[in-house]
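Below is one structure, written out as structure tokens; comments come after it.
The values are calculated or read from the model by the stated rules, or taken from the named source; none is laboratory data. Model, not experiment: these values are computed from the prediction. All Cβ positions, even for glycine, are placed from backbone atoms using ideal geometry, and neighbour counts span all protein chains on display. Surface accessibility is based on the protein's heavy atoms, side chains included, excluding ligands, DNA and RNA. Shrake-Rupley method; radii C 1.70, N 1.55, O 1.52, S 1.80 Å.
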Amino acid sequence: MLQWYKAEKRDLPWRKERDPYKIWVSEIMLQQTRVDTVIPYFERFIDQFPTIEALAAAEEDKVLKAWEGLGYYSRVRNLQAAAREVHERYGGKVPNTLKEISSLKGVGPYTSGAILSIAYGVPEPAVDGNVMRVLSRILSIWEDIAKPSSRKVFEEAVRQLISTEDPSSFNQALMELGALICTPSSPSCLLCPVREHCSAFHEGTINELPVKTKKKTMRHVHLAAAVVKTEKEEVIIQKRPPEGLLANLWEFPNTELSGMGNPRVELELFLKREYGLDVQLEAEPFAKIQHVFSHLTWDIDVYEGTVSSAIPKKENSRVVKTEEVEEYAFSVSHQKIWKKAKGR
DNA sequence: AAGACGGGGAG
DNA sequence: CTCCCAGTCTT
């Protein structure tokens, strides 16, 4: 496997050097996110925040803007908080012990193992979805990988197998194998360097492994949003709360609909109550946007309205020039809204 | 143990 | 439309 890895490993930006900070950033970005998606974000992020000090000193709004569209935004808020912690408590050097590194915000069991092994050569397991899939097949492990408790089983397997010579390559090879060969569906067993050692291949159970139960309960939320323009080429935006979904991102004023009554009227009431604004919205929404999250769906009716002048009454809101809207970090759903609004 | 937390690519 | 991705935190 190591021989295969050396020959076939992808040429990825975070593999160009051993800077623990860059390894760290890449691992956070790669959580639940594909390599191809991460690459351009990683390049831009490192350009903008080349060191722990740069990240620690940055404004959160700039950091969120650099993360805009990547999703799971608590990752980057935790990353910056942790960077500040490393700067203050560890003199700007990413700690190299399991205890210390695990205590950093946003660094769980996978990421600690990944950073320790890749950046510091410590033989610690880094068990992600790839590793569980690959090892469940090779070793014929029938634990349900959706259960949190299963991770320990795979960590134990890795401890028995890991190369003490090159833990970094070992962990990355396992993941690379999962990404390139041992894929979730139709794996390329004929190209697999460890085919002869693979129980599932020999037993014909490749398509049964890994065992993974599925969950799901998709909530639907109906919203109405307002693009409120002034007569001076401005528009009203607001900042989301510091906790929860899309925390601290910017968006257009919006309210959850009761399901009864007229959405436009409910939205006008919201603008009156929250902003003290008397806005006459257009009768019909100019766009209807559907946005699917992992755990819920938003259906947004988008209305437009104009006010003569807006004094931002709401403390988390701003009136910004239309050409400056894109300097703010928006969730993708509200980027869709702005895209539609601009094209009118 | 289960749910919250984004977004996009693949089949 | 479903699955799932180099997961972590909260409840």
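Some points to look at:
- Ordered from largest to smallest accessible area (heavy atoms of protein chains, 1.4 Å probe), the residues A:MET260, A:MET132 come out as A:MET260, A:MET132.
- The figure for A:CYS189 is an accessible area of roughly 30 square angstrom, using a 1.4 Å probe on the protein chains alone.
- Electrostatic tally near A:LYS152: other residues with Cβ closer than 11 Å to its Cβ, Lys and Arg +1, Asp and Glu -1, net 0.
- Percentage relative contact order, the stretch A:219-342, counting C-alpha pairs under 8 Å, at least six apart: 35
- Annotation for the stretch A:83-187: trypsin sites (Lys or Arg not before Pro) lying in DSSP loop with at most 14 further Cβ atoms inside 10 Å of their Cβ are A:LYS93.
- Measuring between their Cα centroids, the stretch A:62-77 and the stretch A:82-136 lie 20 Å from each other.
- Inter-label distance, nm, simple model (7 Å from Cα along the C-beta direction), A:ARG44/A:TYR90: 2.8
- Evaluating 6.51 cos²θ - 1.76 cosθ + 1.60 at θ = phi - 60° for every residue in the stretch A:297-308, the Karplus couplings come out as 10, 9, 10, 10, 8, 10, 10, 10, x, 10, 10, 5 Hz, glycine and proline recorded as x.
- Shown here: chain A, whose C-alpha atoms stretch 72, 48, 32 Å along the first, second and third principal axes, sorted largest to smallest.
- Here the stretch A:41-120 is treated as a Stokes sphere of Kirkwood radius computed over C-alpha pairs; at 25 °C and 0.890 mPa s its diffusion coefficient rounds to 189 µm²/s.
- Computed [θ] at 222 nm, helices only, for chain A once each DSSP H run of length n ≥ 4 contributes -39500 (n - 2.57): -12500 deg cm²/dmol
- Using θ = phi - 60° in the Karplus curve 6.51 cos²θ - 1.76 cosθ + 1.60, the 3J(HN,Hα) couplings for the stretch A:56-65 round to 4, 8, 6, 6, 4, 4, 5, 5, 5, 4 Hz; x is entered for Gly and Pro.
- Extension gain, A:TRP142 to A:PHE286, is 46.7 nm, computed as 0.36 nm per intervening residue step minus the present C-alpha separation.
- Measuring nothing but alpha carbons in the stretch A:193-262 and taking Rh as the Kirkwood radius, the Rg to Rh ratio lands at 1.39.
- Base-10 log of normalised Debye intensity for the stretch A:219-342 (one unit scatterer per alpha-carbon) at q = 0.17, 0.20 Å⁻¹: -0.84, -1.21
- Along the stretch A:26-34 the Karplus relation, 6.51 cos²θ - 1.76 cosθ + 1.60 evaluated at θ = phi - 60°, assigns HN-Hα couplings of 4, 5, 5, 5, 7, 4, 6, 9, 5 Hz to successive residues, with x for each Gly and Pro.
- Sorted largest first by accessible area at a 1.4 angstrom probe radius, with every protein chain in place, the residues A:LEU191, A:LEU245, A:LEU55 fall in the order A:LEU191, A:LEU245, A:LEU55.
- Under 5 Å between amide hydrogens, built in the peptide plane, is the criterion, and for A:SER331 it picks out A:TRP250 among residues at least 5 positions away or on other chains.
- Between A:CYS189 and A:THR37, full extension at 0.36 nm per residue minus the direct alpha carbon distance yields a gain of 52.1 nm.
- Heavy-atom accessible surface of chain A: percent carbon and sulfur, 1.4 Å: 50
- Cβ-based charge dipole, the stretch A:222-313, positive-most Cα from A:ALA226, A:ILE236, A:PRO285: A:ILE236
- Positive minus negative residues near A:LEU257 (Lys, Arg vs Asp, Glu; Cβ under 13 Å): -3
- When nucleic acids and ligands are ignored and a 1.4 Å probe is applied, A:TYR21 ends up with an accessible area of around 10 Å².
- Multiplying each eigenvalue of the alpha-carbon gyration tensor of the stretch A:6-159 by 5 and taking the square root yields semi-axes of 27, 17, 15 Å, largest first, rounded to whole angstroms.
- Label sites at A:GLU196 and A:GLN335, each approximated as a point 7 angstrom past Cα along Cα to Cβ, lie 4.8 nm apart.
- Accessible area of chain A divided out per residue, in Å², using a probe of 1.4 angstrom: 51
- Summing charges over neighbours of A:MET132, with a neighbour being any other residue whose Cβ is under 13 Å away from its Cβ, gives +1 when K and R count +1 and D and E count -1.
- Value of relative contact order over the stretch A:1-124, rounded to a whole percent, pairs C-alpha under 8 Å and six or more apart: 26
- Per-residue SASA entry for A:LEU267, accessible area with 1.4 Å probe, Å² rounded to 10: 0
- Extension gain (nm, one decimal) between A:LYS212 and A:ALA58, 0.36 nm per residue minus Cα-Cα: 51.4 nm
- Counting only protein chain heavy atoms and rolling a 1.4 Å probe, the accessible areas of A:ASP36, A:ASP166 rank, largest first, as A:ASP36, A:ASP166.
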